[in-house]
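Here the structure is laid out as structure tokens; the discussion comes afterwards.
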Amino acid sequence: MLRWSRWAELRRRLRAATAGQEGSAALEFIAVGIVLLVPLVYLVVALGAIQGQAMGAEAGARHLARAVATAADAGTATDRADAVLSAVVTEYGMDADAVELSLRCRPARAQCPSAGAMLVVTIRTRVTLPLVPAVLGLERIASVPVEASSAQKVSRFWGSG
């Protein structure tokens, strides 16, 4: 009997201590859920933007290398490169002012591209993170550099036609 009265006393004290807290667990769950969910959603959006730009840079480098390497001469190569670069920038939503393009040949020669050389095309750009205001240079600080390269052997008929 002594044990039962002690158990009843403990239950009464516990009820008194938790009185008025009905529903607070749901509110705490919602508050903590929002605090954890907002950064998670931002992370997914930011990584998606970075991945999209990385895919654009990789596709641009690959297509530019192929277009220039298979061209017959420098004029055709320039026209093809301009068309491919503008198409990639438009398709992937890249900032045209932020895209840097470099062409180099291996082995290094006086004229690049040249017949039989290995053409290496590199595209560099920066991805500004979403929701970063363009104030005080924050868009430059909160940006991620993206770079992609592609190599293609130049046609042995380069410049012959």
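Remarks
- Considering only Val120, Ala59, Val44, and ranking their Cα positions along the charge dipole of segment 16-161 that arises from unit charges at the beta-carbon of Lys, Arg, Asp and Glu, the one farthest toward the positive end is Val120.
- Largest first, the residues Trp4, Trp158 sort by 1.4 Å accessible area into Trp4, Trp158.
- Under a model in which nothing but the beta-carbon of Lys, Arg (+1) and Asp, Glu (-1) is charged, segment 6-161 shows a dipole of about 740 debye around its Cα centre.
- Rounded to 10°, Cα long-axis angle of helix 74-91 versus longest principal axis of the chain: 20
- Only protein heavy atoms count here; on that basis, with a 1.4 Å probe, Phe157 has an accessible area of about 120 Å².
- Peptides 130-143, 78-91, 96-109, 47-60 ranked from most to least packed give 47-60, 78-91, 96-109, 130-143, packing being the mean of other C-beta atoms within 10 angstrom over each peptide's residues.
- Charge context of Cys112, other residues only, Cβ under 12 angstrom, K/R +1, D/E -1: +3
- Computed over segment 48-161, the ratio Rg/Rh where both radii use C-alpha atoms and Rh is Kirkwood: 1.07
- Cα gyration tensor category, rounded, prolate or oblate, for segment 48-113 with a/c compared to 1.5: prolate
- Computed over the alpha carbons of segment 1-105, Rg followed by Dmax gives 31.9, 104 Å.
The values are calculated or read from the model by the stated rules, or taken from the named source; none is laboratory data. Not measured: the values here are computed from a predicted model. Here Cβ is always computed from backbone atoms with ideal geometry, including for glycine, and neighbour counts include all displayed protein chains. Accessible surface areas use protein heavy atoms only, side chains included; no ligands, DNA or RNA. Shrake-Rupley method; radii C 1.70, N 1.55, O 1.52, S 1.80 Å.
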